[in-house]
Amino acid sequence: MTARHGMLHLIATGDHKLMRKVNRWPAPKWVRLAAIGATRAGDGWLWYLVGLVILLFGPADRLTATAAAGSAAVIGIGIFILLKKTSGRKRPCEIEPHCWAHILPPDQFSFPSGHTITAFAVSVTLGVFYPAMLPALLLCALCIAASRVLLGMHFLSDVIVGALLGTGLALSSHAVFA
């Protein structure tokens with residue numbers, strides 16, 4: 001067994017152990033509603049709304065900031081589509097039924113989390129342009145990422161990789177546009 005194979009096996013084992021705990025956890029109603037709300041916000045409308053508010057009321061660099069965030073998000077979408085097709089990783093909800101979440105996944109594959117890539121790509125990009133907004137934007141991104149695991153849509157490693165990719169895209173986009 002190679003070191004790489006051993007590391008991937010360790011990650012997959014941890015992912016499946018957490019999946020079984022989450023899928024069997026009868027979460028309180030407020031957790032269920034918060035998770036569903038965060039995932040729905042991560043479907044895109046939250047980022048469109050934030051972008052619109054910045055375009056309408058933001059400072060002089062608002063066009064640059066929204067162009068950078070939009071570019072990071074669009075590139076992120078391309079990357080996650082390619083990686084999902086390449087990896088072919090099944091979603092947790094297809095491996096084991098979830099005890100309370102019955103949301104249909106937006107696509108067939110799990111790795112990486114597109115919601116998380118987009119959330120971090122947009123929130124980190126805008127947060128670098130507007131540091132006062134960074135804590136609130138990161139909170140939104142973290143809630144979206146956590147909701148994907150809580151709802152059985154993704155493994156923990158899917159959202160960790162999504163957050164790293166989204167952050168990398170954000171910082172690259174900021175460097176190009178700033």
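The values are calculated or read from the model by the stated rules, or taken from the named source; none is laboratory data. Keep in mind it's a predicted model, so treat the numbers as computed, not measured. Note that each Cβ is placed from the backbone with ideal geometry, even for glycine, and that neighbours are counted across all protein chains shown. We work out accessible area using only protein heavy atoms, side chains counted, and drop any ligands, DNA or RNA first. Shrake-Rupley method; radii C 1.70, N 1.55, O 1.52, S 1.80 Å.
Shown for the chain: lysine pairs separated by 8 or more places, or found on different chains, whose C-alpha atoms are under 24 Å apart, numbering 5.
The Ile95 and Trp25 beta-carbon pair, evaluated with R₀ = 25 Å, returns a calculated FRET efficiency of approximately 0.95.
Per-peptide packing, taken as the mean over residues of other Cβ atoms within 10 Å, places 112-118, 149-155, 167-173 in the sequence 112-118, 149-155, 167-173 from highest down. Rg and Dmax of the range 13-168, both derived from C-alpha coordinates alone, stand at 15.8, 50 Å. With every protein chain in place and a 1.4 angstrom probe, the accessible-area ranking of Val176, Val128, largest first, reads Val176, Val128.
Over the range 1-82, consider all pairs of different Cα atoms and compute the Kirkwood hydrodynamic radius from their mean reciprocal separation; express it in Å, one decimal. Taking the inverse mean of 1/r over all distinct Cα pairs, the range 1-82 comes out at 16.6 Å.
Its relative contact order, with pairs defined as Cα atoms under 8 Å and 6+ residues apart, puts the chain at 32 percent. Relative to the longest principal axis of the Cα atoms of the chain, the long axis of helix 29-41 lies at roughly 50 degrees. Computing the accessible area with a 1.4 Å probe over protein heavy atoms, can you report the carbon and sulfur percentage for the range 1-55? Ligands and nucleic acids excluded, carbon and sulfur reach 71 percent. Counting every pair of alpha carbons in the range 1-45, the share spaced more than 16 Å apart comes to 60 percent. With the cut-off at 1.5 for a/c, could you classify the range 80-135 from its C-alpha gyration tensor as rounded, prolate or oblate? In terms of gyration-tensor shape, oblate.
Solvent-accessible surface of the chain, taken per residue with a 1.4 Å probe and all protein chains present: 53 Å².
Counting every alpha-carbon pair across the range 38-112, the share separated by more than 14 Å comes to 71%.
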